[in-house]
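First the structure, in the form of structure tokens, and then the observations on it.
The values are calculated or read from the model by the stated rules, or taken from the named source; none is laboratory data. None of these values were measured; they are calculated from a predicted model. Don't worry about glycine lacking a Cβ; one is built from the backbone with ideal geometry, like all the others, and counts go over all protein chains shown. Side chains are part of the model used for accessible areas, which takes the heavy atoms of the whole protein and leaves out ligands, DNA and RNA. Shrake-Rupley method; radii C 1.70, N 1.55, O 1.52, S 1.80 Å.
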Amino acid sequence: MERHHDAMANINVRVTVTLLVVGVVAGLLSGLFGIGGGTVIVPALVLVGLSQRQAAATSLAAIVPTSVTGVVSYAMGGDVDWVAAPLLACGMVAGSQIGSWLLSRLPEVFLRWFYAAFLVFVIASQLLFTPERESTMHLQPATGALLALLGVGIGVLSGLLGIGGGAVAVPSLSLLFGASDLLARGTSLLAMFPSAIAGTVANWRRGLVYLKHGLVIGVSAAVMAPLGTALAGMMTPRMGTDLFAVYLCVLLVRCVWTALKVTPGANAWMSGRGGRSDPR
């Protein structure tokens, strides 16, 4: 019995250390790219034993403290649009409720393949567009409405995939609304804060959030986010987008592999290939 207890303690320690490391990486990515860090948090939580929907819900909870310190860091450099962010946030809050509702109903295999497709879209957006460092947004009533509409779409993805939405918001703010790379990142982090809270509350009510895991990741990520922000200011816009694309490509390979393993037909084919004897 004592050996069993020691083994469980070791497992818990390993999980906690893993979550701390994930939080450090997520915090750096959050500050560096203006994202919530869900692209690294979700796969890591699946790795330690959570289902895809539990990982997505817990990731969203971890993004709450991460986004706070990231916003403060970008705001100190004047790289937050305090008008655009609330407009985007309003749409994201509404959309996150839809995403959370879908999360509790869609099958696991669909969620994993949808996550892979999402990564492909973000990688393409990073490779095809380079934002300007000095450009600014010029908001009018029409662009304000478009920001809110964009927020709804991002909010759905946020609640469904457990991401903060920055991976969509940052390139969209630069490509569609003319924001500089740093302004887009700071504004994105501010906009995702209320959405992450709303999505987390909805997921908590559905029993999907592992709060301890989320807090360990979120607090360690919040500590590291300012360092990521400082690094972002040292890089050129092209270098930043290229690094993000490379990171996402690595993540995509793992995401497709895990999706194949939970896809019935593909999993059977992989098992058959692995167990097939050499005909010679």
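Annotation: amide H of A179 within the under-5 Å range of S174, sequence separation 5 or more or interchain, hydrogens built in the peptide plane. Relative intensity of segment 38-83 on a log10 scale, I(q)/I(0) at q = 0.24, 0.25, 0.28 Å⁻¹, equals -0.76, -0.79, -0.89, per a Debye sum over C-alpha point scatterers of equal strength in the absence of solvent. Calculate the length of the line joining the C-alpha centroid of segment 24-49 to that of segment 65-93, in whole Å. Distance between centres, Cα-based: 18 Å. Could you give the angle, 0 to 90 degrees to the nearest 10, between helix 166-177's Cα long axis and the longest principal axis of the Cα atoms of the chain? Computed tilt is about 30 degrees.
Here percent of Cα pairs over 28 Å apart was calculated from the structure, and among (1) 34; (2) 45; (3) 42 it sits at label (1).
Taking a point 7 Å out from the Cα of L231 in the direction of its Cβ, the residues of segment 18-52 whose backbone N falls within less than 12 Å of it are 24-34. Computed from the Cβ-Cβ distance with R0 of 35 Å, the FRET efficiency linking K212 to L149 stands at 0.45. Estimated from helices alone, the mean residue ellipticity of the chain at 222 nm is -28000 deg cm²/dmol (sum of -39500 (n - 2.57) over DSSP H runs with n ≥ 4, per residue). Sparse packing (at most 10 other Cβ atoms within 10 Å of the Cβ) combined with a DSSP loop state is found for the following GluC sites (Glu not before Pro) in segment 64-156: E134.
Using alpha carbons only, how many degrees (0 to 90, rounded to 10) separate the axis of helix 2-33 from the longest principal axis of the chain? Orientation of helix 2-33: about 30 degrees from the principal axis. Once the gyration tensor of the Cα atoms in segment 80-160 is diagonalised, the equivalent ellipsoid follows with semi-axes of 27, 19, 8 Å, ordered largest first.
Relative to the longest principal Cα axis of the chain, at what angle does helix 108-128 sit, 0 to 90 degrees, rounded to 10? In the chain, helix 108-128 runs at an angle near 40 degrees to the longest axis.
Quick check for you: with a 1.4 Å probe and neighbouring chains kept, what is the accessible area per residue of the chain, in Å²?
Result: 46 Å² of accessible area for each residue.
The Cα atoms of segment 33-178 cover 44, 29, 28 Å along the three principal axes, with the biggest extent listed first. Share of carbon and sulfur in the accessible area of segment 151-271 stands at 77%, probe radius 1.4 Å. The equivalent ellipsoid that matches the C-alpha gyration tensor of segment 146-240 spans semi-axes of 25, 19, 8 angstrom, in descending order.
Amide H contacts for G37 (H built 1.01 Å from N in the peptide plane; partners 5 or more residues away or on another chain; cut-off under 5 Å): G164. Here the dipole of segment 1-136 is about 400 debye; that uses its Cα centre as origin and unit charges on the Cβ of Lys and Arg (positive) and Asp and Glu (negative).
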